[in-house]
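Since the structure comes first, as structure tokens, the remarks are kept for the end.
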Amino acid sequence: MSVFGVAACGDDDEDTGGGGGEATPSGETASGELTVYSSLPLQGASRPQTTAMVSGIKLALKETNSKAGNFTIKYESLDDSTAQQGGWTPEAVSQNARKAAQDDKAAVYIGEFNSGASAVSIPILSDAKVPQISPANTAVGLTSDEPGADKGEPTKYYPSGFRNYVRIVPKDTIQGAALATIMKEDGCTKVAMANDKEVYGAGLARNIAGSAEEQDLNIIFNEGIDTKAPNYRSLASRAKSQGADCFVFSGITSNNGVQIFKDFEAALPNGKLYGPDGVAETGFVDPKGGGIPADVAAKVKVTVATLDPASYPPEGREFFAAFEREYNDANPDPYAIYGYEAMRLAIDAIERSQTGEKEDIVKALFATKDRSSVLGTYSIDENGDTTLTDYGVYTIKGGELEFDKTVEAAT
């Protein structure tokens with residue numbers, strides 16, 4: 001089954017200096033207007049994914065009548081990308097984060113899509129104590145110093161010491177293990193690996209390498225690439241000369257992902273090719289949109305923390321039905337459901353905070369336990385990570401991602 005396709009306002013006369021709600025006597029629930037921002041790359045290769053996320057966010061808001069308890073929720077979608085870059089830029093991310101940080105009514109910031117972008121926004125938002133929920137980040141170092149993190153992570157992202165950031169997608173200790181597991185299951189013996197040197201790509205590559213070592217899977221090299229290079233024929237030739245039978249790219253589409261897969265497929269015509277959720281998007285899988293050709297796609301598998309719609313709990317299956325009713329799209333992008341859940345969690349945390357104050361919303365996010373959601377039942381741990389662990393394996397057919405199976409990663 002293919003799963004890849006392409007507010008109310010109110011007045012607030014009294015500023016509490018926190019979440020923007022109205023001050024009330026002790027014991028009463030506050031009210032007023034609060035703003036939820038999203039910051040996502042709405043231009044470039046990721047656009048189909050992120051516009052689907054925004055659609056999911058808007059659906060969640062509509063279903064709750066733009067309310068979180070007694071608060072009226074206003075939603076503002078921000079773009080952290082530029083057309084020239086074709087993806088996120090530090091300047092755009094900083095501008096978005098500062099806008100939310102300077103808004104007394106900002107209640108939650110949904111973002112970023114890219115882990116490297118969150119490395120820019122987290123310090124700004126942490127300093128302002130703005131609650132942040134990422135629907136897509138997987139880099140380990142954003143939340144912990146577990147394997148895969150770089151030196152100084154995650155402390156350097158929280159200069160004030162205030163932990164404001166949580167995510168609802170499993171981190172790369174899980175994805176790295178999932179990729180190593182499927183390569184092992186598929187009979188790979190010598191794997192060539194390249195990464196794009198970003199926070200996400202470099203960190204995930206460390207996770208893949210660590211899990212591969214535990215499973216006795218030989219990674220013959222892990223090479224950081226020049227993402228502006230015209231081609232990677234020399235690196236692919238090196239892999240061939242060293243007997244590689246598989247290749248895995250740890251990076252994102254906009255960092256020359258299409259070119260490197262084309263070059264490695266040409267050098268390893270009988271090889272198997274693998275990628276992470278960073279390339280699980282139309283810009284990579286659809287040749288009509290500049291993605292990889294069909295002959296390359298036939299050899300590729302990618303991992304995404306999204307499962308077959310039929311395997312979701314009843315709440316998840318209802319999401320897909322509601323999304324189709326609202327947008328006439330029966331096969332939304334795999335990350336649409338994460339945009340939806342990010343907003344539902346934001347609304348839930350605002351309501352549980354009772355005050356609408358930023359620090360109380362953060363406390364509510366970290367106090368999330370056994371939440372029954374469209375993704376399944378999960379908790380947020382002390383680092384801000386979800387307890388969900390399942391990853392889906394996808395193949396590519398007709399320019400679309402097609403669910404293959406759920407992988408139980410050997411972590």
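Each value in this text was obtained by applying a stated rule to the coordinates, not by laboratory testing. Source: prediction; values computed, not measured. Every residue, glycine among them, receives a Cβ derived from its backbone with ideal geometry; neighbour counts consider all protein chains shown.
Here are a few things to note about the model shown:
- Contour minus Cα-Cα distance for residue 324 and residue 311 (0.36 nm per residue): 2.9 nm
- Between the alpha-carbon centres of the stretch 303-378 and the stretch 98-169 there is a gap of 19 Å.
- Net charge in the neighbourhood of residue 227 (other residues with Cβ under 11 Å of its Cβ; Lys, Arg +1, Asp, Glu -1) is -1.
- Here, the chain has an Rg and a Dmax of 20.9, 74 Å when only alpha carbons are counted.
- For the stretch 269-340, the normalised intensity computed at q = 0.15, 0.21 Å⁻¹ comes to -0.62, -0.97 (log10 of I(q)/I(0), Debye sum over alpha carbons, equal scatterers, no solvent).
- Calculated FRET efficiency, residue 85 to residue 288, Cβ-Cβ distance, R0 = 25 Å: about 0.70 to the nearest 0.05.
- For the stretch 75-135, convex hull volume per residue from C-alpha positions, Å³: 75 Å³
- Theoretical ellipticity at 222 nm over the chain - DSSP helices of four or more residues, -39500 (n - 2.57) apiece, nearest 500: -10500 deg cm²/dmol
- Note that the stretch 159-272, at 37 °C in a medium of 0.692 mPa s, gets a Stokes-Einstein diffusion coefficient of 223 µm²/s from its Kirkwood radius over C-alpha pairs.
- Gyration tensor verdict on the stretch 44-115 (Cα atoms; rounded if a/c is under 1.5, prolate if a/b is larger than b/c, oblate otherwise): oblate
- Two numbers describe the Cα atoms of the stretch 230-386: Rg and Dmax, which are 20.4, 63 Å.
- The packing ranking, built from the mean of other Cβ atoms within 10 Å per residue, places the peptides 376-382, 309-315 in the order 376-382, 309-315, highest first.
- Base-10 log of normalised Debye intensity for the stretch 334-411 (one unit scatterer per alpha-carbon) at q = 0.22 Å⁻¹: -1.05
- Burial ranking of peptide ranges 390-396, 48-54 (average Cβ count within 10 Å, highest at the top): 48-54, 390-396
- Summarising the label geometry, the points placed 7 Å from Cα in the beta-carbon direction at residue 223 and residue 406 lie 3.8 nm from one another.
- Summed residue charge, Cβ within 14 Å of residue 282's Cβ, Lys/Arg positive, Asp/Glu negative: -4
- Sorted from greatest to least, the principal axis extents spanned by the alpha carbons of the stretch 162-221 come out as 44, 22, 15 Å.
- From largest to smallest, the equivalent ellipsoid semi-axes obtained for the stretch 116-195 from the alpha-carbon gyration tensor read 30, 12, 9 Å.
- Descending Cα extents along the principal axes, the stretch 18-168, whole Å: 46, 34, 24
- Cα-Cα over 28 Å, subset of 156/405; 358/405; 228/272; 190/262; 151/301: 156/405; 358/405; 151/301
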